[in-house]
Amino acid sequence: MSKYYDEVTKLPIDKLAQSIVDMTYQYKETVIPKKHYKDILSKEIIEIASNDLNMETCLLKPYINMIKSMKEENRKYFIKALLMVELNIKETSQEIMALARV
């Protein structure tokens, strides 16, 4: 015997979102817009998983290690590089001269 789950998981995102809206409404007449569910269902798994603090920590760890390593290698150039990226300064521009005094 087929279950509702078996059928609902085969639906396209738009209809699946509407089904979830209908189920949510059946619980104490709670109204949540279909767009909310549609947005969640359209996200990539990594984006959803990154909302979990443990998963976010795992995703950040390689970046943290890389930054620590670059900082230990040459702190002065690391700071300058961060400033250049943050301020959108091109490597060949005059603005790099201003950073020479930093």
- State whether one or more residues within region 71-81 are over 24 Å from the mean Cα position of the chain (by Cα), hydroxyl-bearing (Ser, Thr, Tyr) and surrounded by 11 or more Cβ atoms within 10 Å (Cβ to Cβ). yes
- Note on the structure: In the set Gln18, Gln26, the lone residue that is loosely packed, with under 10 Cβ neighbours inside 10 Å, among the polar types (S, T, N, Q) and on the phi < 0 side of the Ramachandran plot is Gln26
- Selection status of Ile64, at pLDDT below 85, of a type outside the set (Ser, Thr, Tyr) and within 19 Å of the chain's Cα centre (by Cα): no
- Note on the structure: Here the residues within region 40-57 that are surrounded by 11 or more Cβ atoms within 10 Å (Cβ to Cβ), within 13 Å of the chain's Cα centre (by Cα) and not polar (S, T, N, Q) are Ile40, Lys43, Ile48, Ala49, Asp52, Met55, Glu56
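The values are calculated or read from the model by the stated rules, or taken from the named source; none is laboratory data. Since this is a predicted model, take the numbers as computed values, not measurements. Using ideal geometry, Cβ is built from the backbone for each residue, glycine included, and neighbour counts are taken over all protein chains shown.
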